[in-house]
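Down below is the structure, laid out as structure tokens.
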There are 2 protein chains.
Amino acid sequence: MAAKRREQLLDATVDYLLENGAAGLSLRPLAAAIGTKARLLIYHFGSRDVLVSSALSVLLRRIQLAFLEMHSHATLDRTLIGFWRWATDKPNEPYLRLFFEVHGLAIRDPERYGQYLRGAIESWKELLSQRLDKRRMTARRREELATLIIATVDGLLLDYLATGEKERTTRALTMFLRTLKKEE
Amino acid sequence: MAAKRREQLLDATVDYLLENGAAGLSLRPLAAAIGTKARLLIYHFGSRDVLVSSALSVLLRRIQLAFLEMHSHATLDRTLIGFWRWATDKPNEPYLRLFFEVHGLAIRDPERYGQYLRGAIESWKELLSQRLDKRRMTARRREELATLIIATVDGLLLDYLATGEKERTTRALTMFLRTLKKEE
DNA sequence: CCTTGACTGTAACAGCTGTTACATGTAACA
DNA sequence: TGTTACATGTAACAGCTGTTACAGTCAAGG
């Protein structure tokens, strides 16, 4: 098993990123934290950049799994509220924190983080469009709606992460969903 | 005039940040770009962190000025659309890019960027609440509405910056405003 | 047993970081 | 003219960065 050790290091790196962020990552502190040496990280991954982008892929996969679990809910409302609950649950906060941190970095440095960002945006859209498929509306309108819903949830999560005010942001989300329902 | 040179360096630093971002800022390249030495940046500002947070304050002031210019518009709709036009205008893009980049960094590192983030969020809320004051609604409802509007515009701007798709995101914004109007 | 290949340890490379000590300039004011 | 305050220049500090050269260790397969 050549790739086994690599897999372990990768998982440990993801956990480290969730705790410490991606902006100031450097090999030696990371290696010390996960019980290895910078030398070996380079050996297993080839370079720092490969390590980071590999770790972000794993991160994305984990978030997508959380998305998929919400699919069991009956209505779009319940799916969104379910995801909101998951995202604002304290133990899951690091996922969203890292998500928006990398989002900010990617806007500036698409070469390094672009692939992750495109994948992340795509996964949001896919979830939403699957939910909206069932309704009778033009593709154009469905696109508008998906864009609006994703943006609003993103914006509210950003607010929540910055202020920590769960109650206010949750109220704003339910108000948004109520407004959407009237619209139909 | 002791503070004159400092002011010049500060403005030049803001422009440099708008072009090059804040995540990987380091003194020597910055100094070279704006025609000075790292030595003098430390001399005028005391430390790197003071320089960065001073520059972000100037940035915030500039964005607030753009906000205030939109106040002349008659309705809330027109104010928001006016700001959206300003923010998605190519030459102004760096402001929002930097805004969200720092937002991402601040979530991770509140000590360094927290002050800027709180000020930025406050200025958004102030603009909105001034606009909503005139309407008859409970303070609680006004808070929900302001939170929702800010979050949606933020989320759409984030989408626009990542994808560059101005037409789709603008359509989503107008759909949002139309929905809000029905709600009243 | 001996070789092969995957893995790890030690140490170093050049280059970068923020910051500082010390010396020099420069202009205003007594 | 001498003093004072602000500004600048030159070099260096210790500490960090990703990466690499070289020398091992260790278990599996001939």
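What follows is calculated from the coordinates using simple rules that are stated; it is not laboratory data. Here the structure is a predicted model, which is why all the values come from computation and not from measurement. Ideal geometry is used to build each Cβ from the backbone, glycine not excepted, and the neighbour counts take in all protein chains shown.
Given Cβ point charges of +1 (Lys, Arg) and -1 (Asp, Glu) and nothing else, what value in debye, to the nearest 20, does the dipole of the protein assembly as shown about its Cα centre take?
In debye, rounded to 20, the protein assembly as shown gives about 240.
So for the pair A:Glu19, A:Arg85, with labels modelled 7 Å out along Cα→Cβ, what separation do we get in nm?
Taking the two extended label points, one gets 2.9 nm.
Where a Cα-Cα gap under 13 Å defines reach, which aspartates and glutamates qualify for B:Lys166, not counting those fewer than 8 residues away within the same chain?
Leaving aside aspartates and glutamates fewer than 8 places away in the same chain, those within reach of B:Lys166 are A:Glu144, B:Asp89, B:Glu93.
In terms of the ratio Rg/(2.2 N^0.38 Å) built on C-alpha atoms, what value belongs to segment A:30-184?
1.19
Just to check, using Stokes-Einstein with a Kirkwood Rh over alpha carbon pairs, what's the diffusion coefficient of segment B:1-67 at 37 °C and 0.692 mPa s in µm²/s?
272
Starting from the Cα of B:Asp49, step 7 Å toward the Cβ, then list every residue of segment A:21-45 with an amide N under 20 Å from that point.
A:21-26
From the label point of A:Ile34, set 7 Å from Cα along Cα→Cβ, how far away are the matching label points in the other copies, in nm, ordered shortest to longest?
For A:Ile34, the inter-copy label distances come out at 3.7 nm.
Which angle from 0 to 90°, rounded to the nearest 10, does the C-alpha axis of helix B:166-183 make with the longest principal axis of chain B?
Taking the Cα atoms of chain B, the angle to B:166-183 is about 50 degrees.
What distance in nm separates the two pseudo spin-label positions at B:Asp11 and A:Ala139, each 7 Å out from Cα along the beta-carbon direction?
Result for the modelled spin labels: 5.1 nm.
Only four residue types carry charge here, +1 at the Cβ of Lys and Arg and -1 at the Cβ of Asp and Glu. Report the dipole size of segment B:33-87 about the Cα centre in Debye, rounded to the nearest 20.
Magnitude of the dipole: close to 260 debye.
Here is the link list: B:Lys4/B:Lys37; A:Lys125/A:Lys181; B:Lys90/B:Lys181. Which ones come out longer than 24 Å on Cα distance?
In this structure, B:Lys90/B:Lys181 lie more than 24 Å apart at Cα.
Calculate the all-directions average of the projected area of segment B:101-154's alpha-carbon convex hull, and give it in nm².
4.1
What Kirkwood Rh does the protein assembly as shown have if only Cα atoms enter the pairwise 1/r average? Answer in Å.
Hydrodynamic radius (Kirkwood, Cα only) of the protein assembly as shown equals 22.1 Å.
Can you list, shortest first in nanometers, how far B:Glu167 lies from the same residue in the other copies, with each label 7 Å from Cα toward Cβ?
Relative to the other copies, B:Glu167 has label-point distances of 4.6 nm.
222 nm [θ] for the protein assembly as shown, helices only, -39500 (n - 2.57) per DSSP H run of 4+, per residue, to 500?
-27000 deg cm²/dmol
Any chance you could check the Cα centroid distance between segment B:32-79 and segment A:32-58 for me, in angstrom?
Rounded to whole Å, the Cα centres lie 37 Å apart.
As an exercise, use a Förster radius of 25 Å and the Cβ-Cβ distance of A:Asn92 and A:Glu126 to find the FRET efficiency, rounded to the nearest 0.05.
Working: r = 20 Å, r/R0 = 0.81.
The computed FRET efficiency comes out at 0.80.
Tilt of helix B:93-108 relative to the longest C-alpha principal axis of chain B, in degrees (0 to 90, nearest 10)?
It works out to around 80 degrees.
Can you tell me the 0 to 90 degree angle between the C-alpha axis of helix B:76-87 and the longest principal axis of chain B, rounded to 10?
Compared with the principal axis, the helix lies near 30 degrees.
Under 10 °C and 1.306 mPa s, how fast does segment B:31-109 diffuse according to Stokes-Einstein, given a Kirkwood radius computed over C-alpha pairs? Answer in µm²/s, whole number.
For these conditions, the coefficient is 107 µm²/s.
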